Amino acid sequence: MEKPIALVTGANRGIGFEVVRGLAERGYLALLGARDAAAGEEAAARLREVGLAVEPVRIDVTDDVSVNTALAAVKDRYGRLDSLVNNAGVLLDEGVAGLEVPVEAVHATFEVNVYGALRVTQAFAPLLVRARGNVVNVSSIMGQLASAGPGYLAYRSSKATLNMITRVLAAELRPHGVRVNAAHPGWIRTRMGGPAAPGTPEEGAAPIVWLATLGPDGPTGGFFGPGNRPLDW
Ligand SMILES: NC(=O)c1ccc[n+]([C@@H]2O[C@H](COP(=O)([O-])OP(=O)(O)OC[C@H]3O[C@@H](n4cnc5c(N)ncnc54)[C@H](OP(=O)(O)O)[C@@H]3O)[C@@H](O)[C@H]2O)c1
């Protein structure tokens, strides 16, 4: 039987890299998305060395041409996509008050975290429908409206918007058998999370891998965190 196909954006390091590993360990052909081709090839080679089915795919989520080139390659080679993980993300306003954050920084954050995820999902939707697959938007508890406090205005707003996109696309894709969910990985030790974070990238990947591998009876339009627990919006 042919392997299911998964694409993970921003997977050359951090949580995305471990999501690729987790999916490949579960029998997927995992497409390791990276905006830098050399970084993607190097990361994919590390997983292939241990016998996992991983292929690098160059994809900059802010660039229409890059996304369409990746789409054409996946369509030609495989004709379908079983799982899309919108993991690529940036945090540009750490330590800056919302009253002082430059609007340009808010815009740059949305370019990746919001428009990037939307652009990739819109492009790959026909291949996901063909596979009746799963979309996972890697969000954050920082995007939760109920618990929001001061600071991180750009990052929080981007993840809250990504959560809304999750709800809308879940409703639109439900009739086509595609599930769309948002995941909070926990506070994870990566370049973004910093050295003080308690969780490992592998732990952060766990709820994302679960949502990326849901079967037809799995939830859609939900927000899930560590331990696969549902979170309030
Ligand atoms: N770490 C945490 O505690 C935490 C908590 C909650 C949510 N998250 C979310 O988890 C996801 C992964 O975070 P992480 O901690 O693994 O961060 P990370 O180590 O900083 O990795 C971010 C990844 O995104 C990629 N990326 C950035 N801009 C991109 C673009 N335009 N196109 C394609 N890829 C791009 C980076 O590529 P380059 O290497 O080329 O820069 C890198 O591979 C993010 O969505 C983040 O918001 C993280």
- Query: What single numbered condition from (1) open to solvent by less than 10 Å² (accessible area, probe 1.4 Å); (2) in contact with a Phe, Trp or Tyr (Cβ under 6 Å, 6 or more places away or on another chain); (3) not basic (Lys, Arg) fails to hold for Asn228?
  - Reply: (1)
- In the stretch 124-149, what residues are aliphatic (A, V, I, L, M), farther than 24 Å from Leu23 by Cβ and open to solvent by less than 50 Å² (accessible area, probe 1.4 Å)? Met142
- Query: Can Val136 be described as in a helix (DSSP H, G or I) and either among the polar types (S, T, N, Q) or touching a Ser or Thr at 6+ places or on another chain (Cβ under 8 Å) (or both)?
  - Reply: no
- Out of curiosity, is Asn181 under 18 Å from Trp210 (Cα atoms), near the ligand (Cβ under 10 Å from one of its atoms), assigned to a strand (DSSP E or B) and not hydrophobic (A, V, I, L, M, F, W, C)? no
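Here is a yes/no grid of residues against (1) more than 10 Å from the ligand (Cβ to nearest atom); (2) within 20 Å of Arg77 (Cβ to Cβ); (3) out of contact with any strand residue (DSSP E or B) (no Cβ under 8 Å at 6 or more places or on another chain); (4) open to solvent by less than 10 Å² (accessible area, probe 1.4 Å):
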| position | (1), (2), (3), (4) |
| --- | --- |
| Pro4 | yes, yes, no, no |
| Leu7 | yes, yes, no, yes |
| Ile15 | no, no, no, no |
| Val19 | no, no, no, yes |
- Task: Scan the stretch 40-56 residue by residue and report those that are within 13 Å of the ligand (Cβ to nearest atom) and within 10 Å of Ala11 (Cβ to Cβ).
- Result: Gly40, Ala43, Ala44, Pro56
- Identity of the residue in the stretch 191-224, surrounded by fewer than 13 Cβ atoms within 10 Å (Cβ to Cβ) and free of Cβ contacts under 8 Å to residues at least 60 places away in the same chain, that ends up farthest from the ligand (Cβ to nearest atom): Asp217
- Message: Give all pairs with beta carbons closer than 7 Å in which a residue from the stretch 164-189 that is at positive phi meets a residue that is more than 16 Å from the ligand (Cβ to nearest atom); count only pairs at least 6 apart in sequence or on separate chains.
- Response: Gly177/Arg132; Gly177/Pro216
- Item | Scope the stretch 156-178; condition of a type outside the set (Gly, Ala, Ser) and open to solvent by 20 Å² or more (accessible area, probe 1.4 Å); matching residues | Arg156, Thr161, Met164, Ile165, Arg167, Val168, Leu169, Glu172, Leu173, Arg174, Pro175, His176
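The values are calculated or read from the model by the stated rules, or taken from the named source; none is laboratory data. The structure displayed is predicted, hence computed values, not measured ones. Using ideal geometry, Cβ is built from the backbone for each residue, glycine included, and neighbour counts are taken over all protein chains shown. Keep in mind that these areas ignore ligands, DNA and RNA; they rest on the heavy atoms of the full protein, side chains included. Shrake-Rupley method; radii C 1.70, N 1.55, O 1.52, S 1.80 Å.
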